[in-house]
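K.L.:
Next up is a structure, given as structure tokens.
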Amino acid sequence: MTSITKHLLSIAFFVAVASAAVAQPGWNWGDSVDKAKEKNALYSDFVRAKNWQAAVEPHSWLLENTPDLNASIYINGAKIYEGLADATDDKQKTLEYQGKALEMYDLRIKYFNNEADVLNRKAYVAYKYYRDDKPKYPELYELFNKAFELNGNDVLTNNLTAYMDVIRRYKLTGGEITDAEVFEKYTQITDIIAYKMDNTSKKDRLKKVADYVDKILTATVDVDCAFITEKLGPKFKETQDINLAKKIFSLMVQQKCLDDPLAMEVAIAVNETSPDYGIAKFIAQRAAGEGDMTKAVEYFEKAVELTDDVEKKSDVYLSLARMQASSSKVSARSSARKAISANPSNAEAYVFIGDLYMNSFEDCKAGESRVKDRAVFIAAYDQYKKGGDREKMAAAKAQFPSIEEIFNEELEEGQTVKVDCWINETVQIERRPAN
């Protein structure tokens, strides 16, 4: 069978398919039904073969004579001119084909409506074509504004970073948009990302999109601590918008503004609706720094509940222990022991308990037995040994009772002795090294 015969048979097949479609809703063949069928079959065959140039003539006839034939002539028309634009090295031709490709989206809306979906698709194609064309930035900006307005959470994922980049390019080339408006649009974009994250199991791509959008924001406006506290802070206080609170806290982390009272305010607001280990721990540490021990304990305990990671749990308990050390050594040790229980390999927790013991000599000595009084250093040594801190082990050992003190009290090395006071532990007597 010759190639010509194959081609004629292919056309005949599409004509047959087109004929079957006459009675179907959504097809309007116009006055020249047979010719329209022929042209539709012919150009469709060329599109399937990606012979873009050959598809132009029959497709153009359909555009001129049957513009409301079917939405497919505009869907395929975009493919034809996008294909031609990609295939040519002629810069002028490229621009012409790109313009025609975008025109297909506009004509599709004109004859078949569905503006939201079509603009959603057109926006990204226009971005690819015009992102380096400064005179086109106002047009791009308005196109994306409209696409996002119409589509909301259904906007294409590709358009999320594209929109933020369009905003950046428009702003930095003199576009009429304020820093506050940039942030509003950034918030619109990140809210959509959050919605998509909540409604998909495939979050990795969206996390990358979110990171890139954040980077574009900081490249668009000067998001320093002053901007956050002076521009965004008052807006949050007025609206109490939780999504805004999340953005503010994230930006304050990035810009290292966490000492500002606004950070604590938004962190508490966020944690009430979206409990988070890291935020709860931050609140606890800030509360401890401000002397609010009740709030600190509350949020340290919340942080522990918000993670299944044993290392994180242990870290929180140790942070709590450090906070408690100045007011209650018993409570501090209890929290440190919880840190060890959660993660037995947490050497810092053992060393912390050792420090508590080491610093309790003056508080716990009774003055009746030098051996028993100095046994507190043996208790500290045992903890330092568990934590593997050789330097502190040596410091503690240097304070052990001397062999003379042990002998004078008619005691022996290896004999057990009770360390009273708050420590309440039993240790084995050991002499300090000779000088």
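K.L.:
Looking at the structure I just gave you, is LYS256 of a type in the set (Lys, Arg), free of Cβ contacts under 8 Å to residues at least 60 places away in the same chain and out of contact with any Asp or Glu (no Cβ under 9 Å at 6 or more places or on another chain)?
P.N.:
When the stated conditions are applied, LYS256 passes them.
K.L.:
Going by the structure shown, is PHE352 under 24 Å from MET323 (Cα atoms) and either hydrophobic (A, V, I, L, M, F, W, C) or more than 52 Å from the chain's Cα centre (by Cα) (or both)?
P.N.:
Numbers: under 24 Å from MET323 (Cα atoms): yes; either hydrophobic (A, V, I, L, M, F, W, C) or more than 52 Å from the chain's Cα centre (by Cα) (or both): yes.
Considered against the rule, which asks whether it is under 24 Å from MET323 (Cα atoms) and either hydrophobic (A, V, I, L, M, F, W, C) or more than 52 Å from the chain's Cα centre (by Cα) (or both), PHE352 comes out as yes.
K.L.:
Within the stretch 402-414, does at least one residue satisfy the condition of being surrounded by fewer than 19 Cβ atoms within 10 Å (Cβ to Cβ) and either in the same structural domain as ALA325 (by TED's automatic domain parsing) or closer than 24 Å to ARG333 by Cβ (or both)?
P.N.:
The answer is no; no qualifying residue exists.
K.L.:
Would you mind finding the one in VAL209, VAL213, VAL182, VAL166 that is out of contact with any Ser or Thr (no Cβ under 8 Å at 6 or more places or on another chain) and among the hydrophobic types (A, V, I, L, M, F, W, C)?
P.N.:
VAL166
K.L.:
Same structure again: If you take just the helices (runs of 4 or more DSSP H) that sit entirely in the stretch 37-153, which of them hold at least 2 residues that are more than 26 Å from THR187 (Cα to Cα) and either modelled with pLDDT under 95 or among the charged types (D, E, K, R) (or both)?
P.N.:
Ranges flagged: 52-65, 72-87, 91-112.
K.L.:
Being under 21 Å from the mean Cα position of the chain (by Cα), farther than 23 Å from LEU258 by Cα and of a type outside the set (Lys, Arg) is true for just one of LEU217, LEU206. Which residue is that?
P.N.:
Step by step, each of LEU217, LEU206 is checked, and only LEU206 is under 21 Å from the mean Cα position of the chain (by Cα), farther than 23 Å from LEU258 by Cα and of a type outside the set (Lys, Arg).
K.L.:
If I go through the stretch 120-157 residue by residue, how many of them are polar (S, T, N, Q) and within 20 Å of ASP106 (Cβ to Cβ)? Before the answer, list the steps.
P.N.:
Pass one, the stretch 120-157, residues polar (S, T, N, Q): 120, 145, 151, 153, 157.
Filter again for within 20 Å of ASP106 (Cβ to Cβ), leaving 120, 145, 151.
The number of residues fulfilling the criteria is 3.
K.L.:
Every residue in the stretch 323-338 that is closer than 19 Å to GLU311 by Cα and either among the small types (Gly, Ala, Ser) or at pLDDT 95 or above (or both), please. Quick ask: steps written out before the conclusion?
P.N.:
Of all residues in the stretch 323-338, those closer than 19 Å to GLU311 by Cα come to 323, 332-338.
If the condition is that a residue be closer than 19 Å to GLU311 by Cα and either among the small types (Gly, Ala, Ser) or at pLDDT 95 or above (or both), then ALA332, ARG333, SER334, SER335, ALA336, ARG337, LYS338 are the ones that fit.
K.L.:
Additional query: Taking into account only those residues within the stretch 260-291 that are over 24 Å from the mean Cα position of the chain (by Cα) and surrounded by 15 or more Cβ atoms within 10 Å (Cβ to Cβ), which is farthest from LYS235 (Cα to Cα)?
P.N.:
By that ranking, first place goes to ALA288.
Listed here are the residues, each with its yes/no results for (1) over 30 Å from GLN285 (Cα atoms); (2) touching a helix residue (DSSP H, G or I) at 6+ places or on another chain (Cβ under 7 Å).
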{"site": "LYS329", "(1), (2)": "no, yes"}
{"site": "PHE352", "(1), (2)": "no, yes"}
{"site": "PHE407", "(1), (2)": "yes, no"}
{"site": "VAL419", "(1), (2)": "yes, yes"}
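K.L.:
For residues that are over 15 Å from ASP315 (Cα atoms) and assigned to a helix (DSSP H, G or I), tally how many sit in the stretch 284-299.
P.N.:
In the first step, residues of the stretch 284-299 are kept if they are over 15 Å from ASP315 (Cα atoms); the result is 286-295, 298.
With the extra rule that they be assigned to a helix (DSSP H, G or I), the set shrinks to 286-289, 293-295, 298.
Result for the stretch 284-299: 8.
K.L.:
Moving on to the next point. Which of the residues that make up the stretch 224-235 are under 18 Å from THR178 (Cβ atoms) and assigned to a helix (DSSP H, G or I)?
P.N.:
Correct list: ALA226, PHE227, ILE228, THR229, GLU230, LYS231, LEU232, GLY233, PRO234, LYS235.
K.L.:
Same structure, new question: Can you go through ASP373, ASP389 and tell me which one is buried (at least 18 other Cβ atoms within 10 Å of the Cβ), acidic (Asp, Glu), over 21 Å from TYR317 (Cα atoms) and out of contact with any Asp or Glu (no Cβ under 6 Å at 6 or more places or on another chain)?
P.N.:
The conditions single out ASP373.
K.L.:
Would you confirm whether any residue within the stretch 151-159 is exposed (fewer than 14 other Cβ atoms within 10 Å of the Cβ), on the phi > 0 side of the Ramachandran plot and either out of contact with any helix residue (DSSP H, G or I) (no Cβ under 7 Å at 6 or more places or on another chain) or touching a residue at least 40 places away in the same chain (Cβ under 8 Å) (or both)?
P.N.:
Yes - at least one qualifying residue is present in the stretch 151-159.
K.L.:
Check LYS37 against each of (1) more than 46 Å from the chain's Cα centre (by Cα); (2) loosely packed, with under 14 Cβ neighbours inside 10 Å; (3) among the basic types (Lys, Arg) and name the one condition it does not meet.
P.N.:
(2)
K.L.:
Still on this structure: Could you please find all residues in the stretch 168-184 being at pLDDT 95 or above, closer than 19 Å to ASP224 by Cβ and not hydrophobic (A, V, I, L, M, F, W, C)?
P.N.:
Selection gives ARG168, LYS171.
K.L.:
If you go through the stretch 324-345 one residue at a time, do you hit one that is more than 25 Å from LYS386 (Cβ to Cβ) and either buried (at least 18 other Cβ atoms within 10 Å of the Cβ) or aromatic (Phe, Trp, Tyr) (or both)?
P.N.:
no
K.L.:
Does TYR97 fit the bill of being crowded, with 19+ Cβ neighbours inside 10 Å, within 40 Å of the chain's Cα centre (by Cα) and over 18 Å from TRP29 (Cα atoms)?
P.N.:
Yes; evaluated as a whole, the condition is true for this residue.
The values are calculated or read from the model by the stated rules, or taken from the named source; none is laboratory data. What you see is a predicted model; the values in this text were computed from it and never measured. Because the Cβ atoms are built from the backbone with ideal geometry, glycine has one as well, and the counts that use them run over all protein chains shown.
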